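Visitor: One structure, as structure tokens, below. Some questions next.
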Amino acid sequence: MRRRGSGTSPTLMATQNSTTVWGGVLDSCPGLLCCVINLKGKLLHATHGYKAVAARLFGHKCEEGRTYPPLITDIDIGIHEALTAACLGDTNAIEISENGKIWELTASPLRLDAQGIAGVVLRIASEIPRTPAPMLPPVIHSNPEILNSVPFRAGIVDHNGVFMAVNKFLASCVRADLVGRNIIELVSPEVNSEITHILLKRSGSAECTMPDISAAENFSPFDLMPYIDEELNELPQDAEIDSQRRIIIHASPVEWNGTQCVMLTFEDVTEIRRTQEQLRRLLTADISSGILNRRGIEHMIRRKLSETIQSGEHLSLIMMRIDNYRIIHDTRGYMAGGRIIRSFVRSMHKQISERSGSMLGRWSNDEFTILARCSGAAAVVMANEIRAKSKDVVISAGAADLSDGGYMSVSEFVGAAYDAMTEAVNSGGNITVLARNL
């Protein structure tokens, strides 16, 4: 076992309680060897592939709801240290050797937003079988054998980014001759300045999307393809959407044919990024309706609030309650209540789709929010239109305008809209109330 990165043990905090919401996303990616662990150290979900490989490599049972790993062997301790570091925001990896084959176990923080970490994603991936290779010397001249001894995808470029040579690992996953091509032709345009920077420094890293093939002739959308999983011998079913890969490019200085050049190595992190994004969406989405949940809408309010305070523009929050939701639920049943909720959400989507910058969220079972870039008066008009066009439901609504009210925190802003909604309910319902200025 070889560890890459370390950390100290933090006090783990509580996070998502449900262990079932992860299964649909993780198990929908064939060949993904992945699990999710909350900040209490409990295993929330592990894919079938992860369970099989972890049982063979580590002897783990992977029992969901229990502390993971069990902390019995040295490998368990190494995994725990990587998980601890991930809880603190660092991505760490451990390499495990099995009969000459290298497996890499990566622990990555699952971030809800810039202010917090919601859990850890643990992923196992097989690397290229190899024997120990010598470190790349600072001067490799023009010897392709030394370049091929580098056990990862690598290429030599000049200071302008033009490929002078590639090794066999990079060549095997790119269906085109890179020699003579410029790295700028392959990366997404928004990172051109970052790539130029690391080329000038001859060191550093940049994460980008590859390939951006629009400017490069003789390239196809599948120039960069993931390695086929050696255990399952298949590509994921959604491989057709993978023409764009998430790649971290690392640069280091070398000498080639007597010229100071740069060696670029390419680390494919597509599956890790996709998994993290899917899990982030699960954390902020209401499962039954598909719109933002309370956590998600609070995050958006926090973000938009600071932007709007600086710009001085209008930002309004509408809180709506379905007054007859409990009656519908109790008399017509759970399934009927769910259908009415989904119909109500579709109706609201249609009505706010023409209003740029409006976001819809579910605050609780019978309460919904709309965050809109408009004045309080316009928000009242919007709420009244939604109430008038809603079928089977009776709506009470409250609205608050950030600029009119002078609210300086999320709690003040939400509280004003919620109090206005409560006033509408207490006044008999089926009306919209605009929050009074502070």
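Any read-out appearing in this document is the output of simple, stated calculations on the displayed coordinates, not a laboratory observation. Keep in mind that what you see is a predicted model, and the values were worked out from it rather than measured. Every residue, glycine among them, receives a Cβ derived from its backbone with ideal geometry; neighbour counts consider all protein chains shown.
Visitor: Could you give the length gained on full extension between S188 and I287, defined as 0.36 nm per residue of separation minus the Cα-Cα distance, in nm?
Guide: The S188-I287 span can extend by a further 32.3 nm.
Visitor: As an exercise, find the ratio Rg/Rh for region 349-438 from alpha-carbon atoms, using the Kirkwood inverse-distance average for Rh.
Guide: 0.93
Visitor: List R56, R246, R111 from most exposed to least, where exposure is judged by having the fewest other Cβ atoms within 10 Å.
Guide: Going from sparsest to densest Cβ surroundings: R56, R111, R246.
Visitor: Moving to a separate point now. Treat the count of other C-beta atoms within 10 Å as a stand-in for reagent exposure and order R295, R362 from fewest to most.
Guide: Ranked by crowding around the Cβ, least crowded first: R295, R362.
Visitor: What is the calculated FRET efficiency for E98 to A378, with r their C-beta to C-beta distance and R₀ = 56 Å, to the nearest 0.05?
Guide: So the FRET efficiency works out to roughly 0.35.
Visitor: In which sequence would Y68, Y50 go, from the one with the fewest C-beta neighbours within 10 Å to the one with the most?
Guide: Y50, Y68
Visitor: Within 10 Å, count the other beta carbons around each residue, average over each peptide in 155-164, 36-45, and list them highest first.
Guide: Packing proxy ranking, top to bottom: 36-45, 155-164.
Visitor: Cα-Cα pairs above 19 Å in region 285-434: how many percent?
Guide: Cα-Cα pairs of region 285-434 separated by over 19 Å account for 48 percent.
Visitor: With a ≥ b ≥ c taken as the square roots of the eigenvalues of the C-alpha gyration tensor of region 276-349, please select rounded if a/c is under 1.5 and otherwise prolate if a/b is larger than b/c or oblate if it is not?
Guide: It is oblate, given that a/c is not under 1.5 and a/b is not larger than b/c.
Visitor: Checking the table K40/K201; K201/K304; K51/K101; K168/K201 against a 30 Å threshold on Cα-Cα, which pairs fail?
Guide: K40/K201; K201/K304
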